[in-house]
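Accompanying notes for the structure given below.
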Amino acid sequence: MSEKLKIKLSIADRVYPLTIDPSQEEGLRKAAKNIEQLAKKFEQSYAVRDKQDVLAMCALQFASKFEQKGIDYSEGTKDAIKRLKALNDLVDAELGIK
């Protein structure tokens, strides 16, 4: 069992102490950095009174990207299945199957 690592991440002017597996460190640090960059972008672009509003917009942005990737993947998979079926039908026809 690997030892846990204690790190501190700063998000929206708050420090969050975490105890994590060492394999998670890079991903968590990158995620925190991305949140900070997006939060600064929202603060500069919009009249924001509250950090919670900025964080809510960040959460919405990241969640929508995640969901859209799932939708895009699903559509791509459906298209690939249709193409594979068409190819299979061509091979079957060529071989005299069916």
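The values are calculated or read from the model by the stated rules, or taken from the named source; none is laboratory data. Note that this is a predicted model, so its numbers are computed, not measured. Don't worry about glycine lacking a Cβ; one is built from the backbone with ideal geometry, like all the others, and counts go over all protein chains shown. With ligands, DNA and RNA removed, areas are computed over all heavy atoms of the protein, side chains included. Shrake-Rupley method; radii C 1.70, N 1.55, O 1.52, S 1.80 Å.
Taking loop as defined by DSSP and a crowding limit of 11 other beta carbons within 10 Å, which GluC sites (Glu not before Pro) in the chain fit?
Qualifying residues, ordered by number: Glu3.
May I ask you to give the percent of accessible area on the chain that is carbon plus sulfur, with a probe radius of 1.4 Å?
56
About its Cα centre, what dipole magnitude does the chain give when the only charges are +1 on Lys and Arg Cβ and -1 on Asp and Glu Cβ, stated in debye to the nearest 20?
300
Where a Cα-Cα gap under 16 Å defines reach, which aspartates and glutamates qualify for Lys69, not counting those fewer than 8 residues away within the same chain?
Of all the aspartates and glutamates, those that pass the test against Lys69 - Cα under 16 Å, at least 8 places apart if same chain - are Asp79.
Can you compute 3J(HN,Hα) from phi for each residue in the stretch 46-55, using the Karplus curve 6.51 cos²θ - 1.76 cosθ + 1.60 with θ = phi - 60°, rounded to whole Hz and x for Gly and Pro?
Rounded to whole hertz, the list is 10, 7, 10, 8, 10, 4, 5, 5, 5, 5.
Spin-label point model (7 Å from Cα, Cβ direction): what's the Leu87 to Tyr46 distance in nm?
Inter-label distance under the simple model: 4.4 nm.
If the elastic network links every pair of Cα atoms under 10 Å, which of Ile81, Ile11, Ile35 fluctuates the most in the Gaussian network model of the chain?
Comparing Ile81, Ile11, Ile35 in the GNM, the peak value goes to Ile81.
Here is the link list: Lys4/Lys51; Lys6/Lys30; Lys4/Lys33; Lys41/Lys65; Lys30/Lys65; Lys8/Lys30. Which ones come out longer than 20 Å on Cα distance?
The pairs that break the limit, which is 20 Å between Cα atoms, are Lys4/Lys51; Lys4/Lys33.
Tell me the net charge near Lys65. Cut-off is 15 Å between Cβ atoms, Lys65 excluded, with +1 for each Lys or Arg and -1 for each Asp or Glu.
Once positives and negatives cancel, what remains is +1.
Quickly rank 84-91, 50-57 as a protection proxy: mean count of other C-beta atoms within 10 Å, highest first.
Order by mean packing, descending: 50-57, 84-91.
With the chain treated as a Gaussian network of Cα nodes joined by springs under 10 Å, which of Arg29, Arg14, Arg83 yields the largest mean-square fluctuation?
Among Arg29, Arg14, Arg83, the largest mean-square fluctuation in the Gaussian network model of the chain belongs to Arg83.
Which ³J(HN,Hα) values, rounded to whole Hz and listed in residue order, are derived for the stretch 57-72 from phi using the Karplus coefficients 6.51, -1.76 and 1.60 in 6.51 cos²θ - 1.76 cosθ + 1.60 with θ = phi - 60°, glycine and proline given as x?
5, 4, 4, 5, 4, 5, 5, 5, 5, 4, 5, 5, 4, x, 5, 4
Using +1 at the C-beta of Lys and Arg and -1 at the C-beta of Asp and Glu, which of Leu60, Tyr16, Leu87 has the Cα lying farthest in the positive direction of the dipole of the chain?
Farthest towards the positive end: Tyr16.
Mind jotting down the distance between the C-alpha centroids of the stretch 40-83 and the stretch 1-38, whole Å?
Between the Cα centres of the stretch 1-38 and the stretch 40-83 lies a distance of 21 Å.
Starting at 0 and stepping by 5 Å, how many percent of the alpha carbon pairs of the chain end up in each bin?
Histogramming the chain at 5 Å steps yields 2, 11, 13, 13, 11, 10, 9, 7, 6, 5, 5, 4, 3, 1, 0 percent.
Exactly which chymotrypsin sites (Phe, Trp or Tyr not before Pro) in the stretch 1-89 are in a DSSP loop and have at most 16 other Cβ atoms within 10 Å? Before the final figure, lay out the partial values.
On the way: sites: Phe42, Tyr46, Phe62, Phe66, Tyr73; in loops: Tyr46.
For chymotrypsin sites (Phe, Trp or Tyr not before Pro) across the stretch 1-89 that sit outside H, G, I, E and B with at most 16 neighbouring Cβ atoms in 10 Å, the list reads Tyr46.
In whole Hz and in residue order, list the ³J(HN,Hα) couplings for the stretch 78-94 that follow from phi through the Karplus curve 6.51 cos²θ - 1.76 cosθ + 1.60, θ = phi - 60°; x for Gly and Pro.
Running phi through 6.51 cos²θ - 1.76 cosθ + 1.60 with θ = phi - 60° gives 4, 5, 5, 5, 4, 5, 5, 5, 5, 5, 4, 4, 5, 5, 4, 5, 5 Hz.
Can you list residues whose amide H is under 5 Å from Ile11's amide H, if they're 5+ apart or on another chain and H is modeled 1.01 Å from N?
Under 5 Å from the amide H of Ile11 lie the amide H atoms of Tyr16, each far enough along the sequence or on another chain.
Before I look further, what does the chain give for accessible area per residue, probe 1.4 Å, in whole square angstrom?
Here the per-residue accessible area is 87 Å².
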